[in-house]
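Handing you a structure now.
The values are calculated or read from the model by the stated rules, or taken from the named source; none is laboratory data. Here the structure is a predicted model, which is why all the values come from computation and not from measurement. Don't worry about glycine lacking a Cβ; one is built from the backbone with ideal geometry, like all the others, and counts go over all protein chains shown. Only protein heavy atoms, including side chains, enter the accessible area calculation; ligands, DNA and RNA are left aside. Shrake-Rupley method; radii C 1.70, N 1.55, O 1.52, S 1.80 Å.
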Amino acid sequence: NRNCPTCQTHHRISWQEKTKKLALKTSHYQIVVKLPSFINDYFLKNYQDFVNILFESGKKTIYQILKYSQYELTNPGIIMAMHTYGEENQLHPHLHIVMTGGGLSSDEKNWIDYDNSLFSIDNFNVFYYTILQDQLNKFTKKYPDLETEFKDLIKGINKHDLFISQKYPSADNVINYL
C-alpha cells in the first residue's frame with residue numbers, strides 16, 4: 001500500500017511526481033465510480049474480474065457520455081487509479097478517473113475545452129448504471145452458480161450512489177489526493 005505513512009511515503013511522492021508530469025496543463029475532472037456494496041462479499045474471491053469490470057465500466061461511461069455530447073469527436077487525456085479501501089479502511093472498491101477538461105479534435109490539430117455540464121449528475125448516473133449492469137450480467141454468465149440474490153441485486157443497481165464528478169483548475173490537487 002503506497003499510502004502507508006510509515007513505510008511508503010517515498011513511493012507515494014515518486015508516483016505523484018511522475019503522474020503530474022504526465023498530466024496536461026489544463027483543467028481536469030475527477031470522476032469517481034464505485035461498485036455497489038453488495039459486491040464486497042464477492043470482490044476478493046473474484047478480484048481480477050471485478051477490477052476489470054470497474055475499469056471497463058468507467059472507461060465506457062466516459063466515452064459514451066462524450067459520444068452523446070457535442071464533444072463526440074474529441075480525445076481526452078485520462079489517468080485511472082483504483083482504491084480498494086475507504087477512509088475507514090473498509091473494503092470499498094472504487095476508481096478515481098482524472099480526465100482533462102477538454103480533448104484533442106479528431107484531426108489532432110485543436111484543443112477543445114469541455115463545458116462544466118459535461119458530467120452532470122443525471123447523465124453520468126444513467127450511463128454508468130447501464131454499462132455497469134451490462135458488465136455484471138456478463139460476469140454472472142461466466143459464473144452461473146452465483147446466487148439468485150446477486151442477480152436480483154444487479155437489477156436494483158440504480159438505487160445506489162455510485163459516482164462523484166467535479167472539475168478542478170488542474171490535475172495537481174487530485175493527484176495529491178490519490
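Could you grab the pairs with beta carbons closer than 6 Å, sequence gap of 6+ or different chains, first residue in the range 105-118 and within 14 Å of T26 (Cβ to Cβ), second one aromatic (F, W, Y) and outside any strand (DSSP E or B)?
Y114/Y71
Quick check on the range 28-49. Is at least one of its residues within 16 Å of Y129 (Cα to Cα), among the acidic types (D, E) and in contact (Cβ under 8 Å) with a residue 24 or more places away in the chain?
No, the range 28-49 has no match at all.
So which of D115, D172 is within 23 Å of I65 (Cβ to Cβ), open to solvent by 20 Å² or more (accessible area, probe 1.4 Å) and of a type outside the set (A, V, I, L, M, F, W, C)?
Details: D172 fails: within 23 Å of I65 (Cβ to Cβ).
Answer to the selection: D115.
If a residue has to be without any contact (Cβ under 8 Å) to a residue 60 or more places away in the chain, out of contact with any Ser or Thr (no Cβ under 9 Å at 6 or more places or on another chain) and open to solvent by 20 Å² or more (accessible area, probe 1.4 Å) to count, how many in the range 134-157 make the cut?
Within the range 134-157, residues that are without any contact (Cβ under 8 Å) to a residue 60 or more places away in the chain, out of contact with any Ser or Thr (no Cβ under 9 Å at 6 or more places or on another chain) and open to solvent by 20 Å² or more (accessible area, probe 1.4 Å) number 10.
Among what's in the range 20-36 and is outside any loop (DSSP other than H, G, I, E, B) and out of contact with any strand residue (DSSP E or B) (no Cβ under 8 Å at 6 or more places or on another chain), pick the residue that is least open to solvent (accessible area, probe 1.4 Å).
K20
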